[in-house]
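Contents: one structure, followed by commentary.
The values are calculated or read from the model by the stated rules, or taken from the named source; none is laboratory data. All values derive from a computational prediction rather than experimental measurement. Note that we place each Cβ from the backbone using ideal geometry, even for glycine, and neighbour counts take in every protein chain shown.
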Amino acid sequence: MYRALITFLFCFSGFVVSGVSHAERIKDIGTFQGLRANQLTGYGIVVGLAGTGDDSLDYSTLGMKGVASRFGLQLPAGVNPALKNAAAVMLTAELPAFAKPGQRLDVTISALGKAKSLRGGTLIMAPLLGADGQIYAMAQGNLAVGGLGIDAADGSKLTINVPTAGRIPGGATVERSVDSGFATTPQLRFDLSEADLTTSQRVAAAINTRLGPIARSIDATTITVEAAPGAEVRTTLMSRIENLEVDTADAPARVVVNARTGTVVINGAVRIAPVAVTHGKMTVQVDEKPQVIQPNAFSKGETAVQQSSAIKVDQEARPMFEFQPGASLAEIVKAVNAIGASPADLVAILEALKQAGAMKAELVVL
C-alpha cells in the first residue's frame, strides 16, 4: 500500500511540475500594475428568518433601530425589540478593475452573532465600503444559503454545511468606480506572479521582438513598458502584450512536504549528488505471561503469582543503496520503492539528504 502511494505521489509530481520549460501567455504569468481588484466590506441586517436570528443582542438591536430610523420610525426609549427573526451580518465583496456604476457584484453574507441560520433571510439595503472608508456599492437582496440547521425538542441537533453564511449573486450595485491611473502613469509596469530573473528577461525580450524596443526588465518581478498616455492607446498595447507567448524559465529544484498528511511532492529539477543511504526498522516486543503457583496440599503456603516475561527484538535488514551522480527523479522513485519506505520514512530520508548536502534543492515543509 505504501509503495503504491509513494509511486503515485512521485509520478504525479513529475507530471505536474516538469523540469522542461514551455511557452506561456504573458497574461497567465503576471498582471499589469493598477489592474487590481479592491475588497469591500459592510455591516447589515438580515430579516425574515424563521426564529433563527440573534434574539436581543445589543448590536442587532442598534442595527434594527438604525434601519427603522431611515423611515422616520423612532422606537420608544428603553424598548428593545425581540430579534429572533433578524440577524446582524458582515458583508464582503470584491470590486474588480474598471468596474463602472450600475454593474452588479456578488456579495457574501456571514452571521456576526448568535444566529443559528440565515436560510430564508433578506438583506436590507447596506453600504459596502473600501479601505478608504468611502462607499463604493450598495447591497440588498434574498440570500442563497447552502447549509441547513435543525434543532429538535429533545435537544438533538443536525447541521449540514454552514447555515450561518450565504451569498447574494449580483446582490450589490456599484455606485462609484476606482481610478486605476494606468492611463496617466509615466510607464506601464508588468509584475510576474512568481519572481524569476530569467523569466523577467524573457518577457522583456518577447515584447521587444514583437513590438519594438519598449520593454525593460528592472528586477526579478517587474518589467516596465514605454507607452504613450491615453486609455485607448494603452488598452490596445496591453491587449497585444498579454497575448504574446514566452518560454518561462525552468522551475527551481524543490521538494514540498506536507507534515500533517505525509504527502511529498518532488519536481523534475531535483538532482541527487553521489550518496549512500540505508534505512532500517527495529521492532521490540515484550510479552508478559504470569504463572500461578499453587502450594502443596498439606503445606501452609499461599497461592502466588510468578512473573514471566519474554522480550523479542526484530530488526529488519535492508540493504544500503547508492545514488549515482545527478540521479534523476525516476532513479529516486526506484530507489525509495525498493526499500518500501512509508511517506513518514521518506520525509526523514529527504531531510537527511538535505542536511548531508547531497540534495541541492529547496525543502519546503507545509
When Val256 is run through (1) surrounded by 17 or more Cβ atoms within 10 Å (Cβ to Cβ); (2) in the same structural domain as Glu351 (by TED's automatic domain parsing), the failure sits at (1)
Checking Thr173, Thr209 in turn, the sole residue that is loosely packed, with under 14 Cβ neighbours inside 10 Å and either polar (S, T, N, Q) or closer than 24 Å to Gln103 by Cβ (or both) turns out to be Thr209
| query | Somewhere in region 180-201, is a residue in a helix (DSSP H, G or I), buried (at least 17 other Cβ atoms within 10 Å of the Cβ) and touching a residue at least 60 places away in the same chain (Cβ under 8 Å)? | reply | yes
Do we have any residue at all in region 177-190 that's over 30 Å from Leu353 (Cα atoms), among the aromatic types (Phe, Trp, Tyr) and at pLDDT below 90?
yes
Note on Asn208: of the conditions (1) under 14 Å from Gly30 (Cα atoms); (2) part of a helix (DSSP H, G or I), unmet is (1)
Among the residues of region 259-272, is there at least one that is at positive phi and at pLDDT below 90? yes
